[in-house]
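S.K.: This is the structure, below, for whatever I ask next.
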Amino acid sequence: MRTYRELFGAPEFAPLFWSTTLHTAAATVSGLALGVLVYGATGSPLLAALSMFGASLAQVLGAALLMSAADRVPPRGALTGLATLFGVGTAVQAVPGMPVWALFVVLSGLGTAAALGGGVRYGLLNEVLARDGFLLGRSVLNMVTGLAQVVGFAAGGVLVTVLSPRGTLLLGAVLYLGSAVVARCGLRARAPRVAGRASVAETWRTNRFLWSSRARRCTYLALWLPNGLVVGCEALFVPYDPGRAGWLFACAALGMFVGDAVAGRWVPPRWRARIDLPLRLLLAVPYAVFLFGPPFVVALVAVTLASVGFAATLLLQERLMALTPEAMGGQALGLHGAGMMTAQGVCAGLAGALAEWTSPAVAMGVLASASVVVTVALVPGLRGSPGGVGTPGGAVSSGGTGNPGGTGTANGAGDVAGARVAGDGVG
């Protein structure tokens, strides 16, 4: 499966594509609306940043308590239920007179539940597509995430003005419910990928194993930290320029779209390891221009160029799946998604705190510099090709290349990160 025509000809890919698109659009418009609502009510860059990315912090609870369910629940029911939960929660946030603390309580609950979404969705993608189509399919879903954010953020700025932030939140709730309907009607019922009951003990056992390998640890850290620090820069777009923040977000999403399109479809396998480090450096370096008070057009170009670097996540997840036993693939992807969103939430809070003491532009420069330092520090741990893959029972599967399986075979490629909006790995 090497063409987009073949990809969309696969049964069930189209409904999974549209369900993901609606979910991303909902997260985009509602996230921007909530950020504007909270900033208007409090005038605080910290609270505005946390309102847009704070649900990510709660994903660490989901990763610690719920993640073993990613391979142990029926995928269609899980995706339908999560989208419905987000729709209801977003509608609650739109209730007039809702105090700010209550908005954050709802946000935390949604973030905890969302930790399951990425593992369930991309594990299902591996079942829907043949093995040789997973990488192309995942890159397409990541591209549509970027495109939905381009449209969503650009339209969201208009919607917040025309409908008000609360009206835009209600529109986001409707989009979430649309995603639930598409998943329920378009996907067929499937049994869980792994038998047995999900439990906190099983979640911790598998998480400990996934973290036990130095190669996987460095890969996880490279997936979480440089990405998260740059998302901290993005979390300051509203305080940096409240009237034109939607354009900054849209350009960031456009850059991510371009990067994923090129990396997922046209970069040959022999080049992937070579461009990983340059892409992660590209992710941060352009944000240095904000320290010099650039014209708005220059800021847009810098943000677009930097976001091309998010394509490094596609290449790092290919490495992660090559290091992960097959039966743990869903939880490995879920742990990646939850860790990534948690890192984004922590860095958004850090960015907001720095902006309170300095300015949004200075805080962006500091976090971008930290991203470069972390990227360089992780280089030794990412050298070499993935080798054998251990299992908790002590067996070893041979490594290699080949299967782009979302369930993480020993010779598997991987999936891409989601977008940078609070949700189930939708950055």
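S.K.: When the residues of the stretch 342-395 are filtered to those that are assigned to a loop (DSSP other than H, G, I, E, B) and of a type in the set (A, V, I, L, M), which remaining residue is modelled with the lowest pLDDT?
M.R.: Going through the qualifying residues, I end up with Ala395.
S.K.: Oh, and also: Just name the residue that is surrounded by the fewest Cβ atoms within 10 Å (Cβ to Cβ) out of those in the stretch 126-141 that are touching a Leu at 6+ places or on another chain (Cβ under 7 Å) and modelled with pLDDT under 80.
M.R.: Only one residue tops the list, namely Leu136.
S.K.: Thr304: touching a residue at least 40 places away in the same chain (Cβ under 8 Å), among the polar types (S, T, N, Q) and closer than 27 Å to Val120 by Cβ, yes or no?
M.R.: No, not satisfied.
S.K.: Name the residues in the stretch 282-306 that are part of a loop (DSSP other than H, G, I, E, B) and crowded, with 21+ Cβ neighbours inside 10 Å, would you?
M.R.: Leu283, Ala284
S.K.: List the residue pairs whose Cβ atoms are under 7 Å apart, where the first residue sits in the stretch 355-381 and is touching a residue at least 24 places away in the same chain (Cβ under 8 Å), the second is of a type in the set (Ser, Thr, Tyr) and surrounded by 18 or more Cβ atoms within 10 Å (Cβ to Cβ), and the two are 6 or more positions apart or on different chains.
M.R.: Filtered contacts from the stretch 355-381: Pro360/Tyr240; Ala361/Tyr240; Met364/Tyr287; Gly365/Tyr287; Ala368/Tyr287.
S.K.: Would you please name the residue that is farthest from Met143 (Cα to Cα), looking only at residues in the stretch 213-257 that are in contact with a Pro (Cβ under 9 Å, 6 or more places away or on another chain) and of a type in the set (Ser, Thr, Tyr)?
M.R.: In this case the residue turns out to be Tyr240.
S.K.: Additional query: Could you please tell me which pairs satisfy a Cβ distance under 9 Å, a separation of 6+ or placement on different chains, a first residue in the stretch 155-182 that is more than 17 Å from Gln93 (Cα to Cα), and a second residue that is crowded, with 21+ Cβ neighbours inside 10 Å and of a type in the set (Phe, Trp, Tyr)?
M.R.: As it stands, the answer is Gly157/Phe249; Ser179/Phe86; Ala180/Phe86, since those pairs meet every condition given.
S.K.: Kindly provide the set of residues from the stretch 171-198 that are surrounded by fewer than 19 Cβ atoms within 10 Å (Cβ to Cβ), in contact with a Pro (Cβ under 7 Å, 6 or more places away or on another chain) and modelled with pLDDT of 95 or more, ordered by number.
M.R.: Listed by number, the list is empty, since nothing qualifies.
S.K.: Kindly indicate the residue of the stretch 307-353 that is under 19 Å from Met256 (Cβ atoms) and polar (S, T, N, Q) and also surrounded by the most Cβ atoms within 10 Å (Cβ to Cβ) among those meeting that condition.
M.R.: Looking at the filtered set, the residue picked out is Thr313.
S.K.: So, one more: Here is a list: Leu279, Leu254. Which entry is of a type in the set (A, V, I, L, M), free of Cβ contacts under 8 Å to residues at least 40 places away in the same chain and assigned to a helix (DSSP H, G or I)?
M.R.: One residue alone meets the criteria, Leu279.
S.K.: Does Arg208 count as over 22 Å from Ala370 (Cβ atoms) and without any contact (Cβ under 8 Å) to a residue 12 or more places away in the chain?
M.R.: So Arg208 fits the description; yes.
S.K.: Further question on the same structure: Any chance the stretch 200-211 includes a residue that's outside any helix (DSSP H, G or I), within 26 Å of Leu16 (Cβ to Cβ) and modelled with pLDDT under 90?
M.R.: no
S.K.: Here is a list: Leu107, Leu79, Leu103, Leu65. Which entry is buried (at least 23 other Cβ atoms within 10 Å of the Cβ) and over 19 Å from Pro15 (Cα atoms)?
M.R.: Of Leu107, Leu79, Leu103, Leu65, the one residue that is buried (at least 23 other Cβ atoms within 10 Å of the Cβ) and over 19 Å from Pro15 (Cα atoms) is Leu107.
S.K.: Based on this model, can you work out whether Arg217 counts as among the charged types (D, E, K, R), touching a residue at least 24 places away in the same chain (Cβ under 8 Å) and either over 30 Å from Val366 (Cβ atoms) or part of a loop (DSSP other than H, G, I, E, B) (or both)?
M.R.: It is false that Arg217 is among the charged types (D, E, K, R), touching a residue at least 24 places away in the same chain (Cβ under 8 Å) and either over 30 Å from Val366 (Cβ atoms) or part of a loop (DSSP other than H, G, I, E, B) (or both).
S.K.: Being at pLDDT below 90, over 29 Å from Thr3 (Cβ atoms) and surrounded by 22 or more Cβ atoms within 10 Å (Cβ to Cβ) narrows it down to one residue among Ala263, Ala245; which is it?
M.R.: Residue meeting the stated conditions: Ala245.
S.K.: OK, next. Identify the single condition in (1) at pLDDT 85 or above; (2) under 16 Å from the mean Cα position of the chain (by Cα) that Ala253 does not satisfy, given that it satisfies every other one.
M.R.: Going through (1) at pLDDT 85 or above; (2) under 16 Å from the mean Cα position of the chain (by Cα) one by one, Ala253 breaks only (1).
S.K.: Tally up the residues in the stretch 79-109 that are within 16 Å of Leu177 (Cβ to Cβ) and assigned to a helix (DSSP H, G or I), please.
M.R.: Here the count works out to 15.
S.K.: Just to verify a result, which residue in the stretch 228-242, among those that are part of a helix (DSSP H, G or I) and modelled with pLDDT under 90, is surrounded by the fewest Cβ atoms within 10 Å (Cβ to Cβ)?
M.R.: Within the stretch 228-242, the match that is surrounded by the fewest Cβ atoms within 10 Å (Cβ to Cβ) is Pro239.
The values are calculated or read from the model by the stated rules, or taken from the named source; none is laboratory data. All figures in this text were calculated on a predicted structure; none of them were measured in a lab. Cβ sites come from the backbone with ideal geometry, for glycine too, and all protein chains shown count toward neighbours.
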